[in-house]
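The values are calculated or read from the model by the stated rules, or taken from the named source; none is laboratory data. Here the structure is a predicted model, which means the values were calculated and not measured. Virtual Cβ from ideal backbone geometry, glycine too; neighbours counted across all protein chains shown.
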Amino acid sequence: MSIDGGSARVRDQEWDSGSLGDMPPEEFSRLAHDVVDWMAGYLDGVRDLPVFPNVAPGDIRSQLPTHAPDHPEDLSDALRDFRDIIVPGITHWNHPSFHAYFSITGSAPGILGEMLAAALNVNHMVWRSSPAATELEEVALAWLRGLVGLPDVFDGHINDTASTSTMYALAAARERAYPEAHEAGLFGQRPGRVYASGHTHSSVEKGTLALGLGRQAFRAVDTDDEHRMRPDALRSAMLEDGKAGLVPIAVVPTLGTTSTTAIDPVAEVVDVAREFGAWVHVDAAYGGPAAIVPEVRELYHGWEGADSIVINPHKWLFTPIDCSVLYCRDPDALIRAFSLVPAYLETPESGAARNLMDYGVALGRRFRALKLWFVMRAFGRSGLEARIRAHLQMARTLADAVDAEPNWERMASVPLALVVFRYAPREMDDEAADAANRAIIDRVNETGRAFIGPTRIDGRTVIRVAIGNLKTTPSDVESVWDAIRDAAASL
Ligand SMILES: Cc1ncc(COP(=O)(O)O)c(C=O)c1O
């Protein structure tokens, strides 16, 4: 059959020549080798680049054309622009002196997994749309569950981010708290509550908001002097709300809060939540991977009593972003919240195989398990444990150095790999100290030697130094501490 009267074979030549269809395989192979060589050199030399780019808003955009090309361009030109325009505008999360937010890195094995996933380009929304992708996700998450010491009752699936995982957990909690709302919606229902500490990540409040529970549904529970949720304060809050007729939807303790890595006492929180019948979702997005290290596992005592737990391999398990794992004790609760199967997605395997589209809002899914599986294979339990332990030790060494220095004050203990402190000479009042700490952070970041960030603790502006990069060494940590003290001396 020919479409335009010509022979099919003549038309096929347009695909062979590259005027239709994809880039010819030889060209793809040549460029792919160039790209991989660039990647290897970049990862090897990233410490010589400024961590934070010396650019102002709009600088990158103004160097690029405003329209897509009308005709094909040689991709070598795009690669040149990538090197000359894009890379100079990149904040290098791979840099060993990147200590802002939570310092995270991918890794070579993770990058290889990501590349292969891009080549396969499968979308395993249902089992039959890519059986191996669905089943590798099951296998990889069972491995990870074993590494962090969670019992087999937890069933996992992968989402893009912890914000999504937490919103899905809260959706399951909402389904349990308001079963009739599945059909009728929340209109006319009694208001409910989601409890977390005042130090919890904003994703909990955002999830509450997105699920239509209303911002007032979020209640921040008081914390102790280590910024941990107080179980007695949680009980009082839940009692008070119960008397007012509010529905207890969920309690969200965090293992490793964003500002200080505080560890909420999860076992006691679970006990209180159970008294009131609330769902417990543990936010271990950052802290979860450290449970691989036996000597810190004690911090996680009681998390196995939760209904759901989020752990982000893209934060502290060397897996390129994005990869967030949601473990759920009753995965059917997620299915009840989300499953809705239109005729075009019905499959003959229903019941015999898992269809991952049933666990959340997204239909399409990237093959994220491949990179996580590569990371676990390439480093093994011992390699992951050693790398995370090294981060924990470097953080403690920095904390000791801060403690030993007059004029500096540590603002939180260091259970994981984040050190929070401030410059506070005795003669400086709090407002002046806040301004000084902001200035120190700006000066360090302007040098390009390191990238650090601020937070506010007990009303004061403080410096956060997060350690989590595969390439960071003890000398790098010494040099960021030197850069911080130099900046303070130059004020
Ligand atoms: C404790 C905690 N939970 C959740 C999140 C949100 O993570 P994501 O960016 O994967 O949504 C963060 C981000 O830093 C975090 O620190």
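Residues in region 42-61 that are part of a loop (DSSP other than H, G, I, E, B) and surrounded by 10 or more Cβ atoms within 10 Å (Cβ to Cβ): LEU49, PRO50, VAL51, PHE52, PRO53, ASN54, VAL55, ASP59, ILE60.
Criterion applied to ALA220, ALA233 was being part of a helix (DSSP H, G or I), of a type outside the set (Phe, Trp, Tyr) and either farther than 21 Å from VAL325 by Cα or modelled with pLDDT under 95 (or both), and the one residue passing it is ALA233. Only helices (runs of 4 or more DSSP H) whose full extent lies in region 115-196 are considered here, and the ones with at least 2 residues that are more than 13 Å from VAL325 (Cβ to Cβ) and touching a residue at least 40 places away in the same chain (Cβ under 8 Å) are 131-148, 162-177. Residues that are under 19 Å from PRO474 (Cα atoms), in contact with a Phe, Trp or Tyr (Cβ under 6 Å, 6 or more places away or on another chain) and assigned to a loop (DSSP other than H, G, I, E, B): does region 95-103 have at least one? Within region 95-103 (the criterion being under 19 Å from PRO474 (Cα atoms), in contact with a Phe, Trp or Tyr (Cβ under 6 Å, 6 or more places away or on another chain) and assigned to a loop (DSSP other than H, G, I, E, B)), the answer is yes, since at least one residue qualifies. Is it the case that PHE318 is within 16 Å of the ligand (Cβ to nearest atom), surrounded by 16 or more Cβ atoms within 10 Å (Cβ to Cβ) and assigned to a loop (DSSP other than H, G, I, E, B)? Here the answer is yes, as PHE318 does meet what is asked.
Go through region 321-344 and count every residue that is part of a loop (DSSP other than H, G, I, E, B), more than 16 Å from the ligand (Cβ to nearest atom) and under 30 Å from ALA118 (Cα atoms). First the steps, then the outcome.
Just the residues of region 321-344 that are part of a loop (DSSP other than H, G, I, E, B), to begin with: 321-323, 329-330, 339-342.
So of that shortlist, the ones also more than 16 Å from the ligand (Cβ to nearest atom) come out as 329-330, 339-342.
Keeping just the survivors that are under 30 Å from ALA118 (Cα atoms) gives 339-342.
Total satisfying the criteria: 4.
Residue by residue, here is whether (1) at pLDDT 95 or above; (2) more than 12 Å from ALA306 (Cα to Cα); (3) surrounded by 19 or more Cβ atoms within 10 Å (Cβ to Cβ) holds:
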position	(1), (2), (3)
GLU240	yes, yes, no
PRO253	yes, no, yes
THR261	yes, yes, yes
ASP264	yes, yes, yes
TRP279	yes, no, yes
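Going by the conditions given, is PHE218 within 16 Å of the ligand (Cβ to nearest atom) and either in contact (Cβ under 8 Å) with a residue 40 or more places away in the chain or not polar (S, T, N, Q) (or both)? Against the criterion (within 16 Å of the ligand (Cβ to nearest atom) and either in contact (Cβ under 8 Å) with a residue 40 or more places away in the chain or not polar (S, T, N, Q) (or both)), PHE218 qualifies. Scanning region 20-41 for any residue that is within 16 Å of the ligand (Cβ to nearest atom) and either of a type outside the set (Lys, Arg) or loosely packed, with under 11 Cβ neighbours inside 10 Å (or both) turns up nothing.
For region 62-84, state whether one or more residues are in contact (Cβ under 8 Å) with a residue 24 or more places away in the chain, over 18 Å from ASP160 (Cα atoms) and part of a loop (DSSP other than H, G, I, E, B). Break it down stepwise before answering.
Step one: filter region 62-84 for residues in contact (Cβ under 8 Å) with a residue 24 or more places away in the chain, giving 75-76, 79, 83.
Restricting the remaining residues to those that are over 18 Å from ASP160 (Cα atoms) gives 75-76, 79, 83.
So of that shortlist, the ones also part of a loop (DSSP other than H, G, I, E, B) come out as none.
No, every residue in region 62-84 fails to be in contact (Cβ under 8 Å) with a residue 24 or more places away in the chain, over 18 Å from ASP160 (Cα atoms) and part of a loop (DSSP other than H, G, I, E, B).
If you scan region 258-283, which residues turn out to be closer than 13 Å to TRP303 by Cα, in contact (Cβ under 8 Å) with a residue 40 or more places away in the chain and either in a loop (DSSP other than H, G, I, E, B) or within 16 Å of the ligand (Cβ to nearest atom) (or both)? Result: ILE263, ASP264, VAL266, VAL269, HIS281, ASP283.
Filtering LEU234, LEU255, LEU246, LEU239 for residues that are closer than 24 Å to SER165 by Cα, more than 11 Å from the ligand (Cβ to nearest atom) and either of a type in the set (A, V, I, L, M) or assigned by TED's automatic domain parsing to the domain that holds ARG297 (or both) leaves a single hit, LEU234.
Which one of these is more than 30 Å from ARG336 (Cβ to Cβ), modelled with pLDDT under 95 and basic (Lys, Arg): ARG381, ARG426, ARG438, ARG396? Walk me through it before giving the result.
Values: ARG381 fails: modelled with pLDDT under 95; ARG438 fails: modelled with pLDDT under 95; ARG396 fails: modelled with pLDDT under 95.
It is ARG426.
Applying the criterion of at least 3 residues that are within 22 Å of the chain's Cα centre (by Cα) and surrounded by 19 or more Cβ atoms within 10 Å (Cβ to Cβ) to the strands (runs of 3 or more DSSP E) found wholly in region 402-470 leaves 418-423, 460-466. Listed by first and then second residue, the pairs with beta-carbon distance under 8 Å, at least 6 apart or on different chains, first residue in region 380-405 and within 19 Å of TRP143 (Cβ to Cβ), second surrounded by fewer than 16 Cβ atoms within 10 Å (Cβ to Cβ) and at pLDDT 95 or above, are GLU385/PRO294. Does ARG297 count as away from the ligand (no atom under 16 Å from the Cβ) and not polar (S, T, N, Q)? Spelling it out, ARG297 is indeed away from the ligand (no atom under 16 Å from the Cβ) and not polar (S, T, N, Q). So ALA172 passes all but one of these: (1) more than 16 Å from the ligand (Cβ to nearest atom); (2) under 27 Å from GLU295 (Cα atoms). Which condition number does it fail? Only one criterion is unmet by ALA172, namely (2). The residues of region 196-207 that are in contact with a Phe, Trp or Tyr (Cβ under 8 Å, 6 or more places away or on another chain) and either under 20 Å from GLU240 (Cα atoms) or within 10 Å of the ligand (Cβ to nearest atom) (or both), listed by number, are ALA196, VAL204. For region 76-110, a tally of residues being within 16 Å of the ligand (Cβ to nearest atom) and not hydrophobic (A, V, I, L, M, F, W, C) returns 7. Determine if region 393-401 includes at least one residue that is assigned to a loop (DSSP other than H, G, I, E, B), surrounded by 15 or more Cβ atoms within 10 Å (Cβ to Cβ) and small (Gly, Ala, Ser). Scanning region 393-401, I find no residue that is assigned to a loop (DSSP other than H, G, I, E, B), surrounded by 15 or more Cβ atoms within 10 Å (Cβ to Cβ) and small (Gly, Ala, Ser), so the answer is no.
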